[in-house]
Amino acid sequence: MLEDGKLYIGTSRNPDDSLNKGEYLDLKYGNRHGIVTGATGTGKTVTLQVLAESFSNAGVPVFCADIKGDLSGIAVMGQPKDWVDQRAKQIGFDDFAYQEFPVIFWDLYGEQGHRVRTTVAEMGPLLLSRLMDASEAQEGVLNIAFKIADQGGLPLLDLKDLQALLNYMGEHASELSNQFGLISKSSVGSLQRGLLVLEQQGAEHFFGEPALAVTDIMRTTNDGRGAISVLAADKLMMNPRLYSTFLLWLLSELFEELPEVGDPDKPKLVFFFDEAHLLFNDAPKVLIERIEQVVRLIRSKGVGVYFVTQNPLDVPDTVLAQMGNRIQHALRAYTPREQKAVKTAATTFRPNPAFDCETAITMLGTGEALVSTLQSKGIPSIVERTLVRPPASRPGPISDAERRAVINVSPVAGVYDKDIDRESAYEILAAREQKAAEAEAARRAEEEREARGEEKDSAAGRWSLPGFGDRQEDDDRRTTKTTTRRTSGYQRETVIEAAMKSAARSVATSVGRAIVRGILGSLKR
Ligand SMILES: Nc1ncnc2c1ncn2[C@@H]1O[C@H](COP(=O)(O)OP(=O)(O)OP(=O)(O)O)[C@@H](O)[C@H]1O
Ligand SMILES: [Mg+2]
């Protein structure tokens with residue numbers, strides 16, 4: 001039943017329930033995306049496990065999230081289990097054999113897998129706004145914050161960097177507004193509170209260094225199998241916005257980092273997006289458009305995106321239209337919304353004259369699905385009622401001890417486990433504040449001298465903006481006394497420039513690349 005270049009999904013049935021034929025996903029069209037839908041308990045997770053196994057065996061690395069912990073068994077060998085063995089027998093799957101898979105466990109919280117982090121700078125203002133549920137005005141301020149950081153060479157690594165920058169912006173709102181556009185103090189305040197909430201929700205674990213290198217989720221083993229990255233998402237799901245923003249960030253990283261490959265023989269990576277409805281739930285239109293764009297374009301980078309969700313209506317039409325490979329488990333049709341979902345799901349398939357799609361969807365058994373995949377020339381196959389093959393690895397969770405064993409021998413063991421806290425915006429701004437305090441002290445001293453009737457040194461003291469003063473430059477001014485350079489406009493520019501320059505100097509190596517942002521606002525390389 002195993003064919004070269006094709007992944008065996010299961011075996012379809014004729015209207016009289018006799019076996020029809022094997023149903024396959026053509027690796028050549030693995031990057032043409034897919035969707036797995038169905039009501040709860042109908043077999044979606046097992047189907048995901050089966051697909052992940054098959055991709056791995058074909059040498060394609062896989063990334064997936066483990067929402068309930070019941071996908072982790074993919075790391076260990078399957079063992080006799082009633083429904084597994086029955087299903088293998090039912091479909092005449094003679095080649096069936098238990099197998100374990102090369103799994104890398106990841107966890108934002110570092111408990112059930114290797115830490116996954118990114119930096120605030122990499123995530124960018126668009127996704128961060130989404131993460132914080134920012135209003136339009138707040139998003140505007142966040143954009144300015146990134147502009148200031150980008151131009152000033154202030155590395156925004158973790159949340160405390162962003163917090164420090166926002167404090168700074170709040171304190172210097174009027175000066176910075178002249179240069180960068182309106183910064184409302186109340187928006188800054190809301191963002192600061194939003195950051196605190198994020199921290200309380202544990203998002204601070206996720207921001208920092210070392211940031212995840214996407215190459216680490218694109219590994220293959222020496223014997224040519226694709227690594228399966230499993231992200232522990234049970235705890236993460238308590239914060240659905242963090243979950244969905246994180247996966248979206250990862251998708252956008254892949255998109256920005258991977259080279260164009262056109263249509264490869266098999267995908268470079270397959271990305272399963274479980275609970276995909278969270279991605280689109282009350283997402284602003286512009287974000288949906290960008291997601292649609294990334295999904296469309298990432299195909300030519302060899303990445304296949306597979307959405308897993310209960311209801312096909314969860315996915316916007318423009319995105320749904322791009323899903324070439326479709327697996328529809330049973331849906332209930334009690335409420336009008338459910339009936340509508342069944343209708344929609346039925347119309348997305350190339351019809352099979354042998355049965356009525358709409359009726360079939362409500363009648364499918366557990367582990368049975370309507371399947372249509374792209375065949376030669378990218379034409380969808382006629383939909384078939386398919387008994388999905390059983391998984392070769394263990395269905396359900398693994399024990400903590402088994403998980404530890406997998407983590408300990410992982411190819412990234414030790415790489416991401418410790419936080420690195422290098423100099424970033426927080427430290428730079430703290431140093432700058434220190435400088436400003438010194439400048440302020442100097443100014444006071446001068447005022448006192450003035451009050452005592454002594455000659456004033458220069459106008460510079462009066463103009464130095466707190467936090468922007470460059471000591472060296474202030475000293476220069478003091479020595480050059482009055483010259484034509486001392487116009488207020490010039491000075492304002494000078495001090496800002498100087499601050500930027502001094503920041504840039506101290507972190508010259510940490511920026512090191514032009515800052516260009518991609519479709520979803522993450523950094524382009
Ligand atoms: N391919 C299959 N063959 C036989 N039985 C299956 C198959 N897939 C699933 N089942 C049965 O259905 C049960 C539930 O499957 P699964 O956990 O995949 O459902 P689900 O759709 O992910 O549910 P939920 O929405 O609750 O996460 C399995 O424990 C198994 O008993
Ligand atoms: Mg499930």
Exercise for the section: Being within 24 Å of the chain's Cα centre (by Cα) and surrounded by fewer than 24 Cβ atoms within 10 Å (Cβ to Cβ) is the filter here, so list the residues in the range 55-67 that pass it. Expected result: Gly59, Ile67
Practice task
For the range 215-236, enumerate the residues that are surrounded by fewer than 16 Cβ atoms within 10 Å (Cβ to Cβ) and in a helix (DSSP H, G or I).
Solution key: Thr215
Fill in the blank from the handout: Checked pairs for the range 37-49, first over 19 Å from Ile398 (Cβ atoms) and at pLDDT below 95, second open to solvent by 20 Å² or more (accessible area, probe 1.4 Å) and within 7 Å of ligand 1 (Cβ to nearest atom), C-beta under 6 Å and 6 or more apart or across chains, list as none
Handout entry: Hey, Asn325 modelled with pLDDT under 90 and not hydrophobic (A, V, I, L, M, F, W, C) or not
Key = no
Practice task
Could you list all residues from the range 37-81 that are under 26 Å from Asp223 (Cα atoms) and among the β-branched types (Val, Ile, Thr)?
Solution key: Val46, Thr47, Val50, Val60, Val62, Ile74, Val76
Fill in the blank from the handout: Ile428 fails exactly one of (1) touching a strand residue (DSSP E or B) at 6+ places or on another chain (Cβ under 8 Å); (2) of a type in the set (Val, Ile, Thr); (3) open to solvent by less than 70 Å² (accessible area, probe 1.4 Å), namely (1)
Handout entry: Selection status of Leu165, within 16 Å of Phe206 (Cα to Cα), open to solvent by less than 20 Å² (accessible area, probe 1.4 Å) and among the hydrophobic types (A, V, I, L, M, F, W, C)
Key = no
Completion exercise
Of the residues in the range 360-392, those that are closer than 15 Å to Pro312 by Cβ and within 15 Å of ligand 1 (Cβ to nearest atom) come to Ile361, Leu364, Ala369, Leu370, Val371
Handout entry: Given (1) surrounded by 22 or more Cβ atoms within 10 Å (Cβ to Cβ); (2) within 12 Å of ligand 1 (Cβ to nearest atom), index of the condition Asp70 fails
Key = (1)
Practice task
Could you please find all residues in the range 313-323 being assigned to a helix (DSSP H, G or I) and either open to solvent by less than 10 Å² (accessible area, probe 1.4 Å) or among the basic types (Lys, Arg) (or both)?
Solution key: Val319
Exercise for the section: Tell me, please, whether a residue that is at pLDDT below 95, out of contact with any strand residue (DSSP E or B) (no Cβ under 8 Å at 6 or more places or on another chain) and either under 26 Å from Ala213 (Cβ atoms) or of a type in the set (Asp, Glu) (or both) can be found in the range 396-404. Expected result: no
Handout entry: Residue count, the range 13-42 (criterion: within 13 Å of ligand 1 (Cβ to nearest atom) and buried (at least 24 other Cβ atoms within 10 Å of the Cβ))
Key = 4
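The values are calculated or read from the model by the stated rules, or taken from the named source; none is laboratory data. Treat the numbers as computed from the prediction; the structure is a model and nothing was measured. As a convention, Cβ positions derive from the backbone with ideal geometry for all residues, glycine included, and neighbour counts pool all protein chains shown. Remember, those area values only see protein heavy atoms, side chains included, never the ligands or the DNA or RNA. Shrake-Rupley method; radii C 1.70, N 1.55, O 1.52, S 1.80 Å.
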